[in-house]
Each structure stands twice: as C-alpha cells, then as structure tokens.
Amino acid sequence: MSSHVNVRPGRWWGQAQSMFLLLLLVLANLAVVVAPAEAIDPGEMFADPSQEARARDIGRSLRCLVCQNQSIFDSNAGLAKDLRVLVRERMTAGDSDDEVLDYVAARYGDYVLLQPPMRSHTVLLWLAPLALGLFGAMLAFSYHRGRHQRAATPRLTTKERATARRILEGGQL
C-alpha cells in the first residue's frame, strides 16, 4: 500500500509567477529607457569643455530626422552625426545659439526643432493635444453621466414585475 499525496500549488504560486513576470517586464523596460546612450565620436568633440557643453545644449534642441523624437546627441544615425558636425561648424564660425538653431531650421525646416515655434503652419501641432484632451474629457464626462443616469433608473415593484411577466408570457394586462 502506497500512499500518494497529491500536492498542488495554491493560488499564491500563480500570483507569484505573475508578479515575477511583471517585475521582469518592468526591469527590462527600465533598462531600455533609463540610460539612453549618447552617440558622439570623440573626434567630433570640442577640446574646450565649455564649448562642448554649449554644443550639447544646442544639439538637445535638435531632432534627428531619421529617428523618432531623439535629439541628435542621442542618435547613431549618419544624418544626426552630420547635424552634430554642422552645429560645431556654425559655433566655430561664431554663431550664437539662436543663430545656429535658426540656420539648421532654415535648412531642414521647423520639424528639426524638438520644440517647434508657434506659427500659422504649426498651430495644428500645438493645438492637437489640447483638442484631443478636451475630446477625451468630454467622452469621460458623457460616459460617467450616462452610468449615473442608468444607475438612478427606478426598480420595478413586485406588482410591476408580475404584470411584465404576464405580458411576456402572452397574457393580457
């Protein structure tokens, strides 16, 4: 006679596995998001640290045209490298920060700026988030109001239920 004990993990085991997978997913996302690598070749850099800091400040205002929402200092794309070199060339020529940004924007368009100026042709870019937010708020308000009204619907009395049951079963009032 052998006694066989069937040991099954409880509900806690499934919850522990789910929590572990969730933690793993969060850590993987953090590893990707937390530390974006700067893609600068040492040969591109200024020898003067203050000039290099200024070039980086200017470059953080410029979008890589190949990548999505990365500055030219966060991108490894060839065009981003060309823009980094262009920024340094304009600085060496004596341009101020605004002159460098204006030069690059005139050459590549306002899209190259991570914070484009408010102009007639960019007003939609600036107002779209506001319009979408207001539309979402209106939808949420409408949904909440509808739920509240449905919850306030009066319940049928016992007599009304009996009458409705007779009608549904084919009876008369």
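The values are calculated or read from the model by the stated rules, or taken from the named source; none is laboratory data. All values derive from a computational prediction rather than experimental measurement. Please note: Cβ atoms are built from the backbone with ideal geometry, for glycine as well, and neighbour counts cover all protein chains shown.
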Filter the range 84-107 for residues that are within 14 Å of residue 57 (Cβ to Cβ) and of a type in the set (S, T, N, Q) and give the result. 96
In the range 149-173, residues that are of a type in the set (Gly, Ala, Ser) and either in contact with a strand residue (DSSP E or B) (Cβ under 6 Å, 6 or more places away or on another chain) or modelled with pLDDT under 85 (or both) total 4
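Without any contact (Cβ under 8 Å) to a residue 60 or more places away in the chain and in contact with a helix residue (DSSP H, G or I) (Cβ under 9 Å, 6 or more places away or on another chain): does that describe residue 102?
no
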Within the range 117-124, is even one residue touching a residue at least 12 places away in the same chain (Cβ under 8 Å) and hydroxyl-bearing (Ser, Thr, Tyr)? yes
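This table checks each residue for (1) at pLDDT 75 or above; (2) more than 23 Å from residue 96 (Cβ to Cβ); (3) exposed (fewer than 14 other Cβ atoms within 10 Å of the Cβ).
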| position | (1), (2), (3) |
| --- | --- |
| 6 | no, yes, yes |
| 14 | no, yes, yes |
| 21 | yes, yes, yes |
| 62 | yes, no, no |
If I filter the range 53-102 down to residues being among the charged types (D, E, K, R) and more than 30 Å from the chain's Cα centre (by Cα), which single residue comes out as nearest to residue 115 (Cα to Cα)? 99
Got a sec? Which of 84, 90, 166 is free of Cβ contacts under 8 Å to residues at least 24 places away in the same chain, basic (Lys, Arg) and in contact with a helix residue (DSSP H, G or I) (Cβ under 8 Å, 6 or more places away or on another chain)? 90
Can we say residue 146 is under 19 Å from residue 72 (Cα atoms) and at pLDDT below 90? no
Would you check if there is a residue in the range 108-129 being closer than 16 Å to residue 63 by Cα and more than 28 Å from the chain's Cα centre (by Cα)? no
